[in-house]
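Working notes, beginning with the structure itself.
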Amino acid sequence: MKRKLDNILVDNPVLVRSFGFVSILAASTTVKGALLMALAVTAIMIVTSLIVSLLKNLIDEKFEDIILLVLIAAFSVVATMLLEFYYPITVPKMGLSVPLIAVNSLLLHRLQSHAIGEGVGSALAGAITDGFGYLLVILVMGAFRELFGMGTLFGIRIIPQKFTIPAFSTPIFGFIILGLLIAFSNWYTRKTKLGRARK
């Protein structure tokens, strides 16, 4: 279980394993968009991990990649339709990030490297902790970019418009913020692993 919890910070799927950059950058311009993306990706990851873990003995190794991609794509379509139905105003503002859930590298990695060879409990725990790790990163980025780029959080005015820096909402600043988070994660990971080694 401790190894699974490492997925949130020490072995974060985004900051350490470099998965999901596209969706992180595209959907993190606002907190609401970031939250919707994180919930969609996590839900798909949990459901597909359970299905693959349960049916792994029935999946032919020759067609493994195709089956996993089709499974991800199918649930991504469902997630996209649900988001568009319940959040018709927010989703269009998220651009192509919602339709591109189907090609999120984190989802395929979770199925190929873990769910296909794990029991149901382990697959579920891994999917949840990976989801929390992804959620943590995209929410921090969404809050930072919305607050300083638009002066709002969840659409509520926090900083006067004249003090905002619109450039924070651009992809370039998104990369910069992500880079800073990766640098902090590397420092924290090294510190944590060094502390464990000394015990």
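The values are calculated or read from the model by the stated rules, or taken from the named source; none is laboratory data. Note that this is a predicted model, so its numbers are computed, not measured. Positions of Cβ are backbone-derived with ideal geometry, glycine not excepted, and every protein chain shown enters the neighbour counts. Please note that ligands, DNA and RNA were not included when accessible areas were found on the heavy atoms of the full protein model with its side chains. Shrake-Rupley method; radii C 1.70, N 1.55, O 1.52, S 1.80 Å.
Divide the volume of the convex hull around the Cα atoms of the stretch 1-97 by the residue count and you get 127 Å³ per residue.
Grab the beta carbon distance between residue 153 and residue 182, set R0 = 30 Å, and tell me the FRET efficiency rounded to 0.05.
Computed FRET efficiency for residue 153 and residue 182: 0.80.
Tell me the Kirkwood radius of the stretch 127-175: reciprocal of the mean inverse pair distance over distinct alpha-carbon atoms, in Å. Spell out each step's value before the answer.
Working: mean 1/r = 0.0873 Å⁻¹.
Every distinct Cα pair counted, the radius reaches 11.5 Å.
Computed from Cα positions, the angle between helix 64-86 and the longest principal axis of the chain comes to roughly 40 degrees. Tell me, rounded to the nearest percent, the portion of alpha carbon pairs in the chain spaced more than 20 Å apart. The calculated P(r) of the chain puts 58 percent of pairs beyond 20 Å. In this structure the amide hydrogen of residue 153, modeled in the peptide plane, comes within under 5 Å of the amide hydrogens of 158, none closer than 5 places in sequence on its chain. Split the accessible area of the chain by element, probe 1.4 Å, and carbon with sulfur accounts for 73%.
In this label model, residue 193 and residue 140 are separated by 1.8 nm, measuring between points 7 Å along each Cα→Cβ vector. Rolling a 1.4 Å probe over the heavy atoms of the protein chains gives the chain an accessible area of 54 Å² per residue.
Close lysine pairs were tallied over the chain: pairs 8 or more places apart or on different chains with Cα atoms under 30 Å apart number 14. A cut-off of 5 Å between modelled amide H atoms, ignoring neighbours fewer than 5 places along the same chain, links residue 20 with 105, 106.
Report the percentage of all Cα-Cα pairs in the stretch 48-121 whose separation exceeds 17 Å, rounded to a whole percent.
Details: 1287 of 2701 pairs.
Result for the distance tail: 48 percent.
Each label point is 7 Å from the Cα along the Cα-to-Cβ direction; what then is the distance between the points at residue 65 and residue 170, in nm? Between residue 65 and residue 170, the simple spin-label model gives 3.7 nm.
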